[in-house]
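The values are calculated or read from the model by the stated rules, or taken from the named source; none is laboratory data. These numbers come from a predicted model, not from an experiment. Every residue, glycine among them, receives a Cβ derived from its backbone with ideal geometry; neighbour counts consider all protein chains shown.
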Amino acid sequence: MKQTTTYLLLICLVSAMGGLLFGYDWVVIGGAKIFYEPFFNLEGSAALRGWAMSSALVGCLVGALLSGAWSDRYGRKKMLIAASFLFVASAIGTGVVDSFLWFVVYRIIGGFGIGIASNVSPVYIAEVSPASVRGKFVSLNQLTIVLGILMAQLANWQIGEYFTAGSKTLSVESIEWAWRWMFWAELVPAGLFFVLSFVIPESPRWLATAGRSDEAGKILVRVGGAEYAGQTLSELKQLNEDKKEKANWGALLQPGVRMVLVIGIVLAVFQQWCGINVIFNYAQEIFSAAGYAVSDVLMNIVVTGVTNVIFTFVAIYTVDKWGRRTLMFVGSAGLAVIYFILGTCYFLGVNGWPMLLLVVLAIACYAMSLAPVVWVVLSEIFPVRIRGMAMALSTFFLWVACFLLTYTFPILNEAVGASGTFWLYGGICLAGFLFIRANLPETKGKTLEELEKELTK
């Protein structure tokens, strides 16, 4: 049994490298902007600066949407290979170019890889994992995302220190080379992911659905033993016999699937609209408004990154014990309370360490609940024959929600102030709590086949 667990862990870690590169690629741009903006002469155009920061999102949206149908048609493994190749191409290309147009093109290519990885990696892990440990292993994907974020922060810091050497002004050399090496540093994990993605097996559940039960059986035996393999194949065979309709986008609107899709989309949107990404994206502005100097802001950002990693480990060890619903309740209710207090502090003009403490508490609450658990639930609730497409549509709306949240924060902040903005996010978290309570069943300890029968009645 130890041997099968080790094998399962290794193939899940390889798949989760998609999450690592997702996190790295998403965050590296923030540290690089101080160097590439003067290189491409972007200081005078807010529109171009915004386009440089957000262009990857175009690729995310397209990659997330297309990868669903492709992964259902061609398999999860092929899509992971494609994502790893795109990360390699983006890392090389973004650092090589001298033209802003091609810089944006390669950022979009990297975003395409993010869109595929954010969709396929958790699905693959869910489909290879036995029910008893599925939550823990799918949560690995979120762990690698936050490790990728921390890796990017550390790479940006070290490379920036090397080229600036503590100077308050940027040298010609730093403007020319610092941002390039920040992107090139991604080549190490991206190249490793590309090589290892050829080694891992195809998803056994996808193979069984594609009529390749013998291949699926061999993988399932290696993952969980002969008894587990026999039971899983039997359940899959029954489901395939009961539901013969062809997997297409129209299948997502079937009566038994429609409500499950609604739950998936709402949870994906809620993960973004709970407001936590505002803290990550606008940390500098938030801490500055709380009275911190620039040097302290940078230290505080590192504190938030470390908190994110630590409490993701908490989620990994609790998701299969406490259950998905319980952790989602903790996350939504906890954030609602913290945001109300945070908004009140802004309203009363409170500065200093209480603000840092509240931000750290919010990140801790999110990291052990909504961040990993939403991915776990999304990878579980959809029927296997349309899982890729349903996951793709949910992920597409997640990225749309991410864009809207990031875009509207400065507008909201200007219109109603920081206090009103966080009170609004607190209200959204309360609404999310009520939705989860009314619509989300507990999925802990149930096989994917059991969940399909239960949710698509």
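Observations on the structure shown:
- Some residue of the range 91-107 being in contact with a helix residue (DSSP H, G or I) (Cβ under 7 Å, 6 or more places away or on another chain) and under 16 Å from residue 399 (Cα atoms): yes
- Residue in the range 39-50 that is touching an Asp or Glu at 6+ places or on another chain (Cβ under 8 Å), at pLDDT below 85 and in a helix (DSSP H, G or I) present: yes
- In the range 10-32, the condition of being at pLDDT 80 or above and outside any helix (DSSP H, G or I) is met by no residue.
- Figure legend. Inter-residue proximity from the range 189-209: first residues free of Cβ contacts under 8 Å to residues at least 12 places away in the same chain, second residues crowded, with 21+ Cβ neighbours inside 10 Å and of a type in the set (Ser, Thr, Tyr), beta-carbon distance below 9 Å, spacing 6+ or different chains. Indicated pairs: 195/84.
- Residues considered: 174, 118. Of these, the only one that is among the hydroxyl-bearing types (Ser, Thr, Tyr), outside the structural domain of residue 321 (by TED's automatic domain parsing) and under 19 Å from residue 84 (Cβ atoms) is 118.
- Residue list for the range 43-76, filter: over 20 Å from the mean Cα position of the chain (by Cα) and surrounded by 20 or more Cβ atoms within 10 Å (Cβ to Cβ): 52, 72, 75
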